[in-house]
Amino acid sequence: MNRPLALAAVLALLAALALPLGLDPQGYAIRVVTLVFLFGAMAQSWNVVGGLANQMSLGHAAFFGLGAYTSTLLLVHFGLSPWLGMLAGGVLGGAAAALISLPTMRLSGHYFALATLAFGEVMRVVANSWSGLTGGPVGLSVPFAPDSLWLFNFKATLPHYYIALAALCLVTAVFVAIKRSALGYRLRAVRENGDAAEVVGVNTARTKLIAAVVSGALMAMLGTLFAQLNFFFDPDTVFGAAPVSIRVALIAIVGGVGTAIGPILGALVIIPLEEAANLFLSSQVAGLSGFAYGLILIAVILVQPHGLASLGRRWGRGRRGAP
Amino acid sequence: MTGDPILSLRGVSKRFGGLQALGDVTFDVRRGEILGLIGPNGAGKTTLFSALVGLHRIDAGSILLDGREIARAAPHRVAALGLTKTFQNVALFADASVLDNVLIGGLLRRDVAGARAFAGECLARVGLAGIAEKKAGDLSFPERARVEVARALATEPKVLLLDEVMAALNHAETAEIVALLRQLRGEGLTLIIVEHHMKTVMALCDRIVALSFGRLLATGSPAEIARHPDVVAAYLGREYVG
Ligand SMILES: Nc1ncnc2c1ncn2[C@@H]1O[C@H](COP(=O)(O)OP(=O)(O)O)[C@@H](O)[C@H]1O
Ligand SMILES: [Mg+2]
């Protein structure tokens, strides 16, 4: 990382650490920023598959929901700390990702997107139908036990704010480490030309599998964060295509696929935009908020087809190119 | 200089639908030689290269690399065993830099730092050290072909298959590559080359294998091939023999 970029990252982190000092710890604003961090982290874990391997997954809700249900069910039935449940969810999420990656990895573009979308929907239907285990459409409540760090249970949003911030930093660190490692180079090669990559020694199947497992495991662990933050969820919220799968893909795409900053920028724009659209428009005309939100997204994608991250790159190139 | 067979093809066959692209191809490649593979367009040269490295699953036959069956191995396994190729239509990682393209090959036997250093050496060998940071997609065709060679060299192969890497090179560039290939042979590398420029092939190769419609037409020294009536009829015509 070059020096101005490192400095900007440190300053942004300091600002994020200090921000709650100016916010009501129980208020709406801090909750929105917490969701920005959480969805930024989710989009970042999607970015490992969607950005580095360039496989447009529309099924990441499968792992997210799996994580949320795993840790919550372990907590409800066995009193297990969600921190441990999160690890269990991560293992299951990674295993599920391996399971879906093996048959789908040879699919290209649209077919991969459709297959993963279907996988997410299957998980949602199963969670809705298997009431004995999941509680079905009624949903699951996290037992209220504030305030306990061990039980990851806090009345105020403030602890969740810092946990989500830490998660965003960790997932971003994992993304950057992968991107710079041999795996990152191999993923890039596989993405650009699978045959050529194989012929010069890249095990394309294993490369895609590792990316899928890491991405699925991280996404599942973030499901636990969501469950503990919300205290309640149902299959449609955590396994849903629109609220999770498509949303995280969109965040990464709007921000800039394959870049570390992309999912963060995307979440910073999209989450507040959604909140604003809901707040100001949903009371006027039903469906208007979704309409306005869609319009703004289309505008962003038309103006900045490589995501908001390319704005900075263009600016940087312009400066360096100047005489 | 040349010796025991390092690569043995026995009855290698491959069909594409109704087309017999390779039919019962049998020959040996000797350790440390430069073998020329010739034949008219559509003879099956590129298909044979793809079959050897494992990109095409052959329908029948056997391919032995140093006595080991590789006919059903995945390409990355074949590369690890020491056999790789360049792509005739050039298959670089277009968005990556020239150096990163070559680095990918180096990762087969090295870590990232080691592969990066080695990639620099490989680029220097093909005369492209000066454009290491350029985007591969922005290069001219002859430059891309040489990046292909560097990327293949970075895997440290025992046998290297070069598919028309000298097409579109000018005289000076061709001479450079010819000198490099001789040097590589001197270091013990075994090479199979496909080139259309017959004078270059005849001057550079120790032996030549001629294909026509996927079948083996003849094998022999350049002089023998140049005189071979079937080869003359099928391919060389008056252009060379005259
Ligand atoms: N993937 C493929 N599918 C179908 N036919 C192919 C394929 N690759 C090559 N062919 C056909 O096989 C024959 C041999 O092609 P090729 O190996 O490229 O010849 P050469 O390299 O000697 O010019 C040609 O008739 C070509 O059209
Ligand atoms: Mg060819």
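Things worth noting here:
- Qualifying residue in segment B:137-146 (condition: more than 13 Å from chain A (Cβ to nearest Cβ), farther than 22 Å from residue B:209 by Cβ and in a loop (DSSP other than H, G, I, E, B)): yes
- Residue that is in contact with a helix residue (DSSP H, G or I) (Cβ under 8 Å, 6 or more places away or on another chain), without any contact (Cβ under 8 Å) to a residue 24 or more places away in the chain and either among the acidic types (Asp, Glu) or facing chain A (nearest Cβ under 10 Å) (or both), where the choices are B:95, B:111: B:111
- Among the residues of segment A:141-187, the one identified as within 10 Å of chain B (Cβ to nearest Cβ), crowded, with 19+ Cβ neighbours inside 10 Å and charged (D, E, K, R) is A:186.
- Total residues in segment B:59-77, condition surrounded by fewer than 16 Cβ atoms within 10 Å (Cβ to Cβ) and either touching a helix residue (DSSP H, G or I) at 6+ places or on another chain (Cβ under 6 Å) or among the aliphatic types (A, V, I, L, M) (or both): 1
- Single match in A:237, A:207, A:224 (criterion: outside any loop (DSSP other than H, G, I, E, B), polar (S, T, N, Q), buried (at least 21 other Cβ atoms within 10 Å of the Cβ) and more than 14 Å from chain B (Cβ to nearest Cβ)): A:224
- With respect to the conditions (1) more than 23 Å from residue B:8 (Cα to Cα); (2) away from ligand 2 (no atom under 16 Å from the Cβ); (3) under 16 Å from the mean Cα position of the chain (by Cα), residue B:101 lacks only one, and its number is (3).
- Note on segment B:114-127: among residues that are part of a helix (DSSP H, G or I) and buried (at least 20 other Cβ atoms within 10 Å of the Cβ), the one that is farthest from the other protein chains (Cβ to nearest Cβ) is B:123.
- Extreme residue, surrounded by the most Cβ atoms within 10 Å (Cβ to Cβ), among residues of segment A:253-279 that are in a loop (DSSP other than H, G, I, E, B) and among the small types (Gly, Ala, Ser): A:256
- Residue in segment B:65-76 that is part of a loop (DSSP other than H, G, I, E, B) and within 16 Å of ligand 2 (Cβ to nearest atom) present: no
- In the condition set (1) more than 16 Å from ligand 2 (Cβ to nearest atom); (2) surrounded by 21 or more Cβ atoms within 10 Å (Cβ to Cβ), residue B:37 is compliant with all but (1).
- Options B:138, B:163: the member that is of a type in the set (Asp, Glu), touching a strand residue (DSSP E or B) at 6+ places or on another chain (Cβ under 7 Å) and surrounded by fewer than 24 Cβ atoms within 10 Å (Cβ to Cβ): B:163
- Residue within segment A:139-159 that is part of a helix (DSSP H, G or I), out of contact with any Pro (no Cβ under 9 Å at 6 or more places or on another chain) and more than 25 Å from residue A:264 (Cα to Cα) present: no
- Residue pairs meeting the criteria (Cβ under 7 Å; at least 6 apart or on separate chains; first within 14 Å of another protein chain (Cβ to nearest Cβ), in segment B:42-55; second assigned to a loop (DSSP other than H, G, I, E, B) and more than 6 Å from ligand 1 (Cβ to nearest atom)): B:46/B:88; B:47/B:56; B:50/B:56; B:51/B:58; B:54/B:70; B:54/B:73; B:54/B:74
- Condition met for residue A:190 (away from every other protein chain (no Cβ under 13 Å), hydrophobic (A, V, I, L, M, F, W, C) and in contact (Cβ under 8 Å) with a residue 60 or more places away in the chain): no
- Every listed requirement among (1) more than 17 Å from the chain's Cα centre (by Cα); (2) away from ligand 1 (no atom under 15 Å from the Cβ); (3) modelled with pLDDT of 95 or more is met by residue B:81 save one, (1).
- Check on residue B:32, within 26 Å of residue B:199 (Cβ to Cβ), away from ligand 2 (no atom under 16 Å from the Cβ) and either modelled with pLDDT of 95 or more or of a type outside the set (Phe, Trp, Tyr) (or both): yes
- Meets criteria (in a loop (DSSP other than H, G, I, E, B) and within 14 Å of chain A (Cβ to nearest Cβ)) for residue B:156: yes
- Residue within segment A:65-85 that is under 18 Å from residue A:254 (Cβ atoms) and among the β-branched types (Val, Ile, Thr) present: no
- Qualifying residue in segment B:122-139 (condition: in contact (Cβ under 8 Å) with a residue 12 or more places away in the chain and within 16 Å of ligand 2 (Cβ to nearest atom)): no
Each row is one residue, and each column tells you yes or no for (1) buried (at least 22 other Cβ atoms within 10 Å of the Cβ); (2) closer than 18 Å to residue A:235 by Cβ.
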| position | (1), (2) |
| --- | --- |
| A:67 | yes, yes |
| A:70 | yes, yes |
| A:73 | no, yes |
| A:82 | yes, no |
| A:90 | yes, no |
| A:93 | yes, yes |
| A:97 | yes, no |
| A:117 | no, yes |
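- Meets criteria (near ligand 1 (Cβ under 9 Å from one of its atoms) and at pLDDT 95 or above) for residue B:44: yes
- Candidates are the residues of segment B:204-242 that are among the hydroxyl-bearing types (Ser, Thr, Tyr) and at pLDDT below 90; the one that is surrounded by the most Cβ atoms within 10 Å (Cβ to Cβ) is B:235.
- Residue match in segment B:11-24 (condition: in a loop (DSSP other than H, G, I, E, B), within 13 Å of ligand 1 (Cβ to nearest atom) and away from every other protein chain (no Cβ under 14 Å)): yes
- In summary, residue B:80 fulfils each of the numbered conditions (1) assigned to a helix (DSSP H, G or I); (2) away from every other protein chain (no Cβ under 13 Å) with the single exception of condition (2).
The values are calculated or read from the model by the stated rules, or taken from the named source; none is laboratory data. Note that the structure is predicted; figures quoted are calculated from it, not measured. Neighbour counts run over all protein chains shown; Cβ positions are idealised from the backbone, glycine included.
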